[in-house]
Amino acid sequence: MKAKEIQGRLAEIAEMSIFEQGRELDALKKECTAAGNPVTKKVLETALRRLIKVRDADEKADEKAAVSSALSTLVAELNMEFFVIEAGSKVRIGHWVKEPTGRKDEGGDDEMREVLNLLTTHDFSTLVANVVAQGPDGPIPAGEAWLVHPERSWYRGTILAPNGPVPDGYLNLWRGYGVKPKEGPCDLILNHIRDVICAGDVQTYEYNLDWIALKVQQPERVMGTMPILISAQGAGKGIIFDDLMMRIFGQHGVVIEDSSQLIGKFNKHLMDACYVFADECFFVGDRRGAQKLKRRVTGKTILLEAKGVDTITVLSALGIVAATNEEHALDVEVKERRYIVQRCNDDRRGDRAYFEALAGHIQGDGAAHFLDKMLKRDVSAFDPEHDRPLTDDTIKQRELSLHGIHRFWAEVVEEGLFPIRPDTPTTFEGWAKVAEHTWADGGLRVSRRSFRDAFLEWARKTQGEGYNDTQPKRMWSRLREVAVFEDDGGNGQDRKVWFASLPEQVEKLGGFLCAR
């Protein structure tokens, strides 16, 4: 009996029960002897055990391979939605969730945006608790299996890189524009920007188009300037800088209605924001907020804070446009380079047919056509800060934002009335009528002490407008920035000061307010 035949018979015996195996081995021993190949039963038993061991090992390997394959399939499926990500010193499970934007898409359905959601491992395990994986030793929760699997998806951090490159191990937050650019006419949009947003001013119109074009061509760029639009309600600011721009930026556009959403805590919504429309959310007098806003407009980084996660610093990509119905929109300092204040034309207010046509154009192909035009616009030489127009309304906001001695003197010049009579010690009780030729044609000689007393009295009556200008040295130093005057004799408490004529004062103050 040949060895191959014996091996085949042993393989058959290996599949039998232990009770049958002994009987069959005896029969095999007799067959071998009859065939002239005598062999002991012990040798046959040893060969059978070896064969069974190899068979069991193969079956176990096949089972393990099947389990591994099933786990790999499960991990691949979970990797399509979830990933481990480092957030500061914390580790979270990230996934994208869809939230409604409150707008409709071209088909009339609710428009959605994707938001990066960060889960704790406990929350993640709870979320997928109804999914079970088959492990080597039996069923295990899918979340647990995925977390310890070497093929799970993992990132060391996030980056917003619309134009690349993306460093290895980082999650790119850029999800694309909200619409695909398409060549075509967008005259309704362009005409509205020119005639309504910019009130027909060509310089401001070109600046706005350049600003928008640069932002869509370089979504990750910090723009460094913030257009501020002023008009009555319903003039048409939002249809461009909310409806149109949000449709273009889609996922990466954010509308805020409260300043805390831009400069306050829990600002995770700014993580992947490239464009922000601030609608009626700033107020005059919030000086601390004004300083934070400056940082948002020009800052290269953002301190990002989400609930339950360490505060982390990320690169900023913000371009901000603000809109307001208030005459005094924001505290704008002289020489402030960040803000371009524009007064919109409100002639289209209440023109329902006009706005329905414009809205329909934007919701149709207008947004795609406008995006295409902006992507093709040459802005290679455009610098948002250097090329900003100094508008009349920017100057007006500077004037409205004056404080202390600057504001006091601006009121003096605007009224054309001096706060005290020449060479008299009377304190401030209202603007003193001075003969027109006295100040219009020449200067005035007054007591330094009387002038300062008049300012302090005005400050007290103007709810503390003196601020830090009450110290004599600071007051006279700051006054020199806006007024033309010089010491003119006297000594001790009777020192005199000579103020130049009113036309010279108007020119000096105007130069101060118009500084670039």
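Any residue at all in the stretch 335-343 that is under 25 Å from residue 118 (Cβ atoms), surrounded by fewer than 20 Cβ atoms within 10 Å (Cβ to Cβ), in contact (Cβ under 8 Å) with a residue 12 or more places away in the chain and outside the structural domain of residue 89 (by TED's automatic domain parsing)? Scanning the stretch 335-343, I find no residue that is under 25 Å from residue 118 (Cβ atoms), surrounded by fewer than 20 Cβ atoms within 10 Å (Cβ to Cβ), in contact (Cβ under 8 Å) with a residue 12 or more places away in the chain and outside the structural domain of residue 89 (by TED's automatic domain parsing), so the answer is no. Do we find that residue 176 is in the same structural domain as residue 328 (by TED's automatic domain parsing), touching a residue at least 60 places away in the same chain (Cβ under 8 Å), on the phi > 0 side of the Ramachandran plot and not in a strand (DSSP E or B) in this structure? Spelling it out, it is not the case that residue 176 is in the same structural domain as residue 328 (by TED's automatic domain parsing), touching a residue at least 60 places away in the same chain (Cβ under 8 Å), on the phi > 0 side of the Ramachandran plot and not in a strand (DSSP E or B).
Taking residue 306 as the residue in question, decide whether it is within 27 Å of residue 234 (Cβ to Cβ) and touching a strand residue (DSSP E or B) at 6+ places or on another chain (Cβ under 9 Å).
On the way: within 27 Å of residue 234 (Cβ to Cβ): no; touching a strand residue (DSSP E or B) at 6+ places or on another chain (Cβ under 9 Å): yes.
Criteria not met by residue 306.
Contact map, the stretch 22-35: first residue outside any helix (DSSP H, G or I), second residue surrounded by 12 or more Cβ atoms within 10 Å (Cβ to Cβ), Cβ cut-off under 6 Å, separation 6 or more or different chains; pairs are 35/1.
Test residue 434 against the criterion of being modelled with pLDDT of 90 or more and either at positive phi or out of contact with any Asp or Glu (no Cβ under 8 Å at 6 or more places or on another chain) (or both), and give yes or no.
Working: modelled with pLDDT of 90 or more: no; either at positive phi or out of contact with any Asp or Glu (no Cβ under 8 Å at 6 or more places or on another chain) (or both): yes.
Answer is no for this residue.
Among the residues of the stretch 456-501, those that are in a helix (DSSP H, G or I), modelled with pLDDT of 90 or more and touching a helix residue (DSSP H, G or I) at 6+ places or on another chain (Cβ under 6 Å) comprise 475, 478, 479.
Matching residues to (1) in the same structural domain as residue 245 (by TED's automatic domain parsing); (2) touching a Phe, Trp or Tyr at 6+ places or on another chain (Cβ under 9 Å); (3) at pLDDT 90 or above:
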{"position": "97", "(1), (2), (3)": "no, no, yes"}
{"position": "103", "(1), (2), (3)": "no, no, no"}
{"position": "107", "(1), (2), (3)": "no, no, no"}
{"position": "128", "(1), (2), (3)": "no, yes, yes"}
{"position": "136", "(1), (2), (3)": "no, no, no"}
{"position": "139", "(1), (2), (3)": "no, no, no"}
{"position": "143", "(1), (2), (3)": "no, yes, yes"}
{"position": "147", "(1), (2), (3)": "no, yes, yes"}
{"position": "150", "(1), (2), (3)": "no, no, no"}
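Looking at residue 365 and the list (1) under 13 Å from residue 206 (Cα atoms); (2) among the charged types (D, E, K, R); (3) part of a helix (DSSP H, G or I), which single condition is not satisfied? So residue 365 meets the others, but not (1). As for the stretch 136-143, it holds at least one residue that is in a loop (DSSP other than H, G, I, E, B), over 29 Å from the mean Cα position of the chain (by Cα), surrounded by fewer than 18 Cβ atoms within 10 Å (Cβ to Cβ) and free of Cβ contacts under 8 Å to residues at least 40 places away in the same chain. Would it be correct to say that residue 6 is surrounded by 15 or more Cβ atoms within 10 Å (Cβ to Cβ) and either more than 30 Å from residue 252 (Cβ to Cβ) or at pLDDT 80 or above (or both)? The answer is yes for residue 6.
The values are calculated or read from the model by the stated rules, or taken from the named source; none is laboratory data. This one's a predicted model, so the numbers in the text were calculated from it and none came from an experiment. Methodologically, a virtual Cβ is constructed for each residue, glycine included, from the backbone with ideal geometry; neighbour enumeration extends over all protein chains shown.
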